[in-house]
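Following: one structure in structure tokens, then a few remarks.
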Amino acid sequence: MKNPAKSNAFLKILGVDPGSLVCGYGVIVSNGREASYVTSGTINAAPCGPLHHRLRHIYESLVAIIREHRPDDIVVEKIFFAKGAKAALSLGHARGVVLLAAASEQLTLHECTALQVKKAVVGYGRAEKRQVQEMVKMILRLRGTISPDGADALALALCHMNTLQFNNAVDRDVSAGRDGAAK
């Protein structure tokens with residue numbers, strides 16, 4: 001596993017939004033204060049064919065993205081509900097492939113809930129998908145269109161970056177308080 005203490009320096013973060021047929025991905029670089037866009041897109045699995053072939057395609061494509069961009073961390077959405085049993089099972093398969101890719105490439109894996117992502121990016125936990133997409137474009141200063149799945153993956157990466165920034169600020173305050181108390 002990579003060193004999680006790198007969070008206050010330049011950090012490359014890969015966000016992955018898994019789905020059974022489409023898997024969104026987005027890569028950002030954080031300098032500790034703000035993010036820069038690197039890339040985003042979707043991994044499209046064939047709509048027909050055996051599930052294990054679709055999952056292998058997602059896995060191989062994700063590993064290729066990891067090897068090309070060499071992220072320090074990977075963040076995936078923490079799933080706690082789905083529209084139905086079949087959808088939950090299908091999403092679970094794709095999510096498992098993302099977890100396997102992270103482990104096989106020795107990345108530090110983080111998880112964020114949809115509520116955390118929406119609050120971090122939009123400021124409102126019940127924001128709509130379109131609002132998340134527009135805020136991602138605004139935060140990263142992107143022009144043109146961005147795929148909804150890519151935007152969701154970038155939002156995951158931004159949420160993780162915000163969490164790291166918050167944790168670093170708390171650590172600095174705690175350290176400053178200890179130093180002040182010791183005087």
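Just so it is clear, none of the values below were taken in a lab; they were calculated from the coordinates. On a predicted model such as this, the values are computed, not experimentally measured, just so you know. Neighbour counts are summed over all protein chains in view; Cβ atoms, including those assigned to glycine, are modelled from backbone coordinates with ideal geometry.
Helical runs (DSSP H, four residues minimum) scored at -39500 (n - 2.57) apiece and divided by the length of the chain put the mean residue ellipticity at 222 nm at -17500 deg cm²/dmol. Considering only alpha-carbon pairs that sit under 8 angstrom and 6 or more positions apart, the relative contact order computed for the stretch 104-164 is 37 percent.
A cut-off of 5 Å between modelled amide H atoms, ignoring neighbours fewer than 5 places along the same chain, links THR113 with LYS78. Listed by chain and number, the aspartates and glutamates whose C-alpha is less than 17 Å from the C-alpha of LYS118, apart from same-chain residues fewer than 8 away, are ASP17, GLU77, GLU128, GLU134, ASP149, ASP152. Can you give the angle from 0 to 90° between the axis of helix 129-139 and the longest principal axis of the chain, with both taken from C-alpha atoms, to the nearest 10? Relative to the chain, helix 129-139 is tipped by roughly 50 degrees. Remark: the stretch 1-147 carries a charge dipole of roughly 300 debye about the Cα centre, counting +1 on each Lys and Arg Cβ and -1 on each Asp and Glu Cβ. Phi angles across the stretch 13-27 convert, under the Karplus curve 6.51 cos²θ - 1.76 cosθ + 1.60 with θ = phi - 60°, into 3J(HN,Hα) values of 10, 9, x, 10, 10, x, x, 6, 10, 10, 10, x, 9, x, 10 Hz, Gly and Pro given as x. Helix 51-69 axis versus longest C-alpha principal axis of the chain: approximately 40°, rounded to the nearest ten. Rounded to the nearest 10 degrees, the inclination of helix 85-104 to the longest alpha-carbon principal axis of the chain is 60 degrees. Applied to the stretch 149-165, the Karplus parametrisation 6.51 cos²θ - 1.76 cosθ + 1.60 on θ = phi - 60° returns per-residue 3J(HN,Hα) values of 5, x, 5, 4, 5, 5, 5, 4, 5, 5, 4, 5, 4, 4, 4, 4, 4 Hz, with x for Gly and Pro. Considering only alpha-carbon pairs that sit under 8 angstrom and 6 or more positions apart, the relative contact order computed for the chain is 29 percent.
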